[in-house]
Every structure is written in structure tokens, then in C-alpha cells.
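Each value in this text was obtained by applying a stated rule to the coordinates, not by laboratory testing. Treat the numbers as computed from the prediction; the structure is a model and nothing was measured. Virtual Cβ from ideal backbone geometry, glycine too; neighbours counted across all protein chains shown.
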Amino acid sequence: MRLHVPLACRLLTCLLFASGCLDLGVPPEGAEARPERALDPPSDERACDDAPFAAFAPPPGLLDEAGGCDRAREPYCFALRPELRAVAAEADPRGALDASAAAFDRGDATLARALADLAVSGERAYDAFAARPPTRDALDPNASASARARALQRAYAVAWALRGPAAHRDAARADLGFVAVSPEDDPPARPVNVPAGPFPQRDLVVDVALPSGARAVRTRALTASTASPEATAVDLEAAPPPERWTIDDGPILLFVPGHSSLAEEGAPLAAALVERARARGARLTVLLVDLPSNGYAERVDPAEIIQAFGGADDALLRFHDAFLDAVVAALEAEVPGASARVEAVLGGSLGGNLVLRAGERHAAYARRLVAWSPASIDVSWSRARWPLAAGDGEYVDVVKHEAVRQTRDLSVAAEDGDAREDYFVGGLSSVRNQAGYWYRDGWACKDAMVEDGLRQLGEIYDARFRRWHYRVAFEQLVFSHLEPDADGVRPFTRIEAPLLLVAGDADDSMPMMTRTFVDRLAPFLGMPGATLTLRDTGHALHSERPALLAAEIDAFLDPAGEAGVNSP
């Protein structure tokens, strides 16, 4: 339900939140031909499991409680105790397995399993493990043969449960319980104690163009496809082989995750799109990737990227732009002709922002654009000031001014003893506070979805991730698709590709009034496409309404109706 604000309140809002009174001028000729629709969703699409990963909570004694990892205050802390962190930092699988075997001999099975986990759960350790898969004879002979066998059995079982084919991962993961991983010392390259997408996943190294040259970045890619993945035999005495693309002939859709999220964010939508394609006998692939310093991609120092782009206020956004270009280039290099089959780029929040930027840049693969709940469609918050401090071209808005200041300052703050706790459970800038706005109030799945999302962040947290998080937040507040660029042109007016712009009507929370921002922008969009509002839906509408969104995306990509909302 949309609130009708009394006139006095509207005037006060215009005074304190000046962006709500922005005058964009006169809509362009032809803009009235772009449909704007509001849709009543059917009943809730998703069933909500109660804490499906509660069994993966760490056993007592593994976490650094003396060092501040108090899960009663900070439930998303997974910092291991110092001796385990030291093992993770070494990224030496043989050393971890020797220690595991010794612990098995002492009868400390909990510690032994954790040490074996550290031989394969971190990216650096696993790379060494896969390069020279250890055998029982290669381990310390002072440990008993049975202890060495148990250590190896645990390590190989974990490796296959994290990196094996999707069907095996789904079946094997639950029996292993909590798997030790230390993201601050050896970040994982695969989901460990949080759900992994039910699709093939693989490592991908892409060359991201910087002003000074290319910068290689490792990421993780998932493919949801009407094609069947290659069969892989499971051998629990060997390292899992690297997975390959699973890409069918026909269209490819590129899904871009949101802020500090991971590729699995798009899994419900991707599954719905693929199921619809199968039902009509069509071929389709949805490519989902982790963005740099997010999910299970490489951690990149934001200072390096800011320097590479000359200190630009949107340096990381530019890096993300170049990263998406590099992903498509890497796809083309391995599957010739595939880049020409990328039919659309999809994303919400930060993903929606990057989708719009791809259209503004006229990226070759941005043939059609689907953006929901996009960031950066307000005026720049960098112009917000305290009362009596606003000059020409500035406006009074204390909240927006402070949001810019805090995200800027936090993006360069040192990783002291309180940094993790402040990030998760601190004040208004904490992710726990922000999580309340990810989904609509009253949704039965909200609490479980928030908890899952915060656990995901806890599993990948380190200093670079935290600084990247706040810097991207800062850049999205400062950059605006509405503000004239160096050529005096509002960026959104550069979009020529067809655009489906979607908002949830429950996605208005002061001062981030995303639904209102979409309503304000919609009449000025001159490109082909449509604007859609989903009633009783919040910010993460791809999570709340994946089947409905998939139907609308089909209708947008195939306006003739063969793939539209009335299809099977």
C-alpha cells in the first residue's frame, strides 16, 4: 500500500529531503509510449524452511571467543581460534593434514576434522591440495595409519562436497556438518557453510581493463542452463576435476548480483527462467558471477582500484563495468560466438545500477536491459548538507550527508578489534540494520532470508571485503544516473537499448525511497521497454517474486508472446 502524505508533511519532506522535489524538466517526446504498469502478484511463491543451515553452526571450542568472537553479541562471527587461524594462514594442506592426524590420535575428533577442513576450504590451501593431492604415505609417519586415513578421508569428502558436481554436493554436504574455514586468512572460493547454488560452478580468471593495463581477477561463475552438465565420476581419493561451462545453444542471460551479495542471489530467478524455457522447448543459459571482492571472488584492495582510476568517486563502479566486459570476453574466448548470444543483462540494486551503466556505456552485450530496484537513481547525495550549510547546487539533508561521510570514512578505516562487530551489529551503518530493508515487512520468509544473508557475509568477511563494501556504498550514493556528466548529459538519457525497469511498491524507506525514485524517473525514459511496479513486494523482488519476475522478463524479451506471461 502506498502512503498518501499530507501536504504539510510533503512540504517538510521537500525542505529536509530536497531530492524528493527534484525537477527533471519535461519528459522527452515519445516517452509516453513506454508502458507503465502495476501488477498484483499471486500468493507467495516460496516456501520458507526454518533455519535450514542451523546444523552447520560451529562446534564449541573452535571459535576465538577470547579474542572477541562472541556469537551471543555477533551471531555472524566465524573467526577461528588463533592456532587454527595460523594453520589457515600457512595454506599448507600437508601441514594441516599432519596436524589433523595427530589430533585424531589424541582423540580430539572435533579439532582433527577442523584441521582437515583447512587443507581444502580456503582458496590457497585448495590450490596446493589439488596441485599435489596428498596420500596417506605422504603424511607424517609418526601418526597412526588409521589417523592419517581419517584425516585424508575428511579432506577429500569436504573437497568433493564443496567443489564436486551439483548433484553430489547437494547429497553429500549435510552429512559433513560444520566445515572450518578462515576467510580472514585464506578466503574460500566456494560456499562452505551456506547454501551453494544448484548449478555447475567453476573458477574463472578474467582480464579487467584498467587505464594502466589489464588486471587479472579470479571469480566464480555459475551456469543455470537447459543443457545437462557433463557427468563427473566421484572419486573420494582424488581431487575434484575443474568444472566446465554448461551452456546450451540459444540465448544467454547475464545476471549481476547486488551489493556485497553472491551469485546464488540469482538462483531462484535463474531456475524459474530455465524452467520456463524447458516448458516451451526452448534453449537458455543464465550466467551468474560473483563480483570482485564479493561472494567467492578474489579480494581486491579498493585502494589499488581507486588509484588506477585516478581517485575517481566512481572508481569501483568503473571497475565493475570493466569486470562485466571481461566476463563476456572470457566467455567468448572459450565458447566462440557466445557473446553474440548474450540477449540481456539482468540485475537488482547494485546489479540494477550496473545494468543501467552497461546501457549508458552501450556495452556490446547490453542488447536488452532488465533492472529492478536500481541504486543511484536519486540525485547525488554528495550535494546534501546540514541546515544553514547548503550553498549553490546543494540541498539540506542531514541523513544523506551523514551517509556519504560515514561510508567514505568506513571505507578506509583500519581493521581493529571492533571492525567486524561494528560492520555486522553496530549502529545505523551496520549490515544487520540494513538487512531489515532487503525484504518487505510481513513476508513469511523475511527473517530466514535475512539470517541466511548475514551468515553468507560472515563466511566471506575480511578487511578488504569490508572496505570494498563501504566504498561501493559510498560510490553508489555519490554517483547518480540523473546528474549531468562532464558533457552536460544526464547518463540515463544515453540508454538506447530496450529497458524493463521494475520496482516493488514496498521498497520505500526514508531516505532510500527506491520505488519513489523509479516513479519519478519513469516518465523521462525514452528508450523502448516498460516500467513495472509489483505490489506488496520489497527491494529484493527477485527473491520474493522469482516466478513472476521470470514471466515478465520472458514477456519483455519476446514481446510477440511465445515466451510471455501466458506461456506454460
Sequence-distant or interchain residues sharing an amide H contact under 5 Å with A530, placed H: which?
L499, L500, L501
Each residue of the range 131-136 in order: what ³J(HN,Hα) in whole Hz does its phi give by Karplus 6.51 cos²θ - 1.76 cosθ + 1.60, θ = phi - 60°, with x for Gly and Pro?
5, 9, x, x, 10, 4
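What area, in nm² and to one decimal, does the C-alpha convex hull of the range 383-478 cast on average over all directions?
Details: hull surface 29.5 nm².
That works out to 7.4 nm².
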Multiply the residue separation of R71 and A414 by 0.36 nm, subtract the distance between their alpha-carbon atoms, and state the gained length in nm to one decimal.
121.2 nm
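Given 0.36 nm per residue, what is the gain on full extension from E402 to V26 after removing their alpha carbon distance, in nm?
Details: separation 376, 0.36 × 376 = 135.36 nm, distance 3.16 nm.
That works out to 132.2 nm of additional length.
Need one number: % antiparallel among DSSP beta bridges in the chain, to the nearest 5.
Working: 17 of 46 bridges.
Roughly 35 percent of the beta bridges in the chain run antiparallel, per DSSP.
So what is the diffusion coefficient of the range 56-176 in µm² per second by Stokes-Einstein at 4 °C and 1.567 mPa s, using a Kirkwood Rh over Cα pairs?
On the way: Rh = 14.8 Å.
The Stokes-Einstein estimate is 88 µm²/s.
Can you give the translational diffusion coefficient of the range 261-401 in µm²/s, computed by Stokes-Einstein from the Kirkwood radius over Cα pairs at 10 °C and 1.306 mPa s? Before the final figure, lay out the partial values.
Details: Rh = 17.4 Å.
The Stokes-Einstein estimate is 91 µm²/s.
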Enumerate the amide H contacts of V396 below 5 Å, restricted to partners 5 or more residues apart or on another chain; note that Pro and chain-start residues carry no placed amide H.
A18, R385
The range 208-286: Rg/Rh from Cα coordinates, Kirkwood Rh?
1.06
Ordering of 143-152, 372-381 by burial proxy (mean other Cβ atoms within 10 Å per residue, highest first):
372-381, 143-152
Mean separation of Cα contacts under 8 Å, 6 or more apart, over the residue count of the chain: relative contact order %
18
Backbone HN-Hα couplings from phi across the range 229-238 [Karplus 6.51/-1.76/1.60, Hz, Gly and Pro as x]:
x, 4, 6, 10, 6, 8, 10, 6, 10, 9
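Within 11 Å, Cβ to Cβ, of W245, how many net charges do the neighbouring residues add up to if Lys/Arg are +1 and Asp/Glu are -1?
Details: positive: R202, R244; negative: E230, E243, D248, E334.
Local net charge: -2.
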Structure-derived percent of Cα pairs over 39 Å apart: which label, when the choices are (1) 28; (2) 32; (3) 52:
(1)
Using the beta-carbon distance between R202 and D140 and R0 = 25 Å, what value does 1/(1 + (r/R0)^6) give for FRET efficiency, to the nearest 0.05?
0.15
Sum -39500 (n - 2.57) across every DSSP H segment of at least 4 residues in the chain, then divide by the residue count to get the 222 nm mean residue ellipticity, nearest 500.
-11000 deg cm²/dmol
Could you work out how far apart the two model spin labels at D249 and E36 are, taking each label as a point 7 Å from the Cα in the direction of the beta carbon, and quote it in nm?
4.4
Along the range 73-85, what does the Karplus equation 6.51 cos²θ - 1.76 cosθ + 1.60 (θ = phi - 60°) give for ³J(HN,Hα), rounded to whole Hz, x for Gly and Pro?
8, 10, x, 9, 8, 10, 5, 6, 5, x, 5, 6, 4
If the chain between E237 and E496 were fully stretched, how many nm would it gain, using 0.36 nm times the residue separation less the Cα-Cα distance?
87.9 nm
How many percent of the alpha carbon pairs in the range 396-436 exceed a separation of 13 Å?
57
Can you give the angle from 0 to 90° between the axis of helix 546-557 and the longest principal axis of the chain, with both taken from C-alpha atoms, to the nearest 10?
60
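Taking neighbour Cβ counts within 10 Å as the exposure measure, how do R280, R471 sort from fewest upward? Don't skip to the answer; put the middle values down first.
Details: R280 13, R471 23.
Least to most surrounded, the residues fall as R280, R471.
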Ranked list, fewest to most other Cβ atoms within 10 Å of each Cβ, for L317, L222, L24:
L24, L317, L222
Lys and Arg at +1, Asp and Glu at -1: neighbours of H320 with Cβ under 11 Å from its Cβ sum to -2
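Send over the per residue convex hull volume for the range 84-127, Cα only, as a whole number of Å³. Could the numbers behind the result be given before it?
Numbers: hull volume 2.1 nm³, N = 44.
Dividing the Cα hull volume of the range 84-127 by its residues yields 48 Å³.
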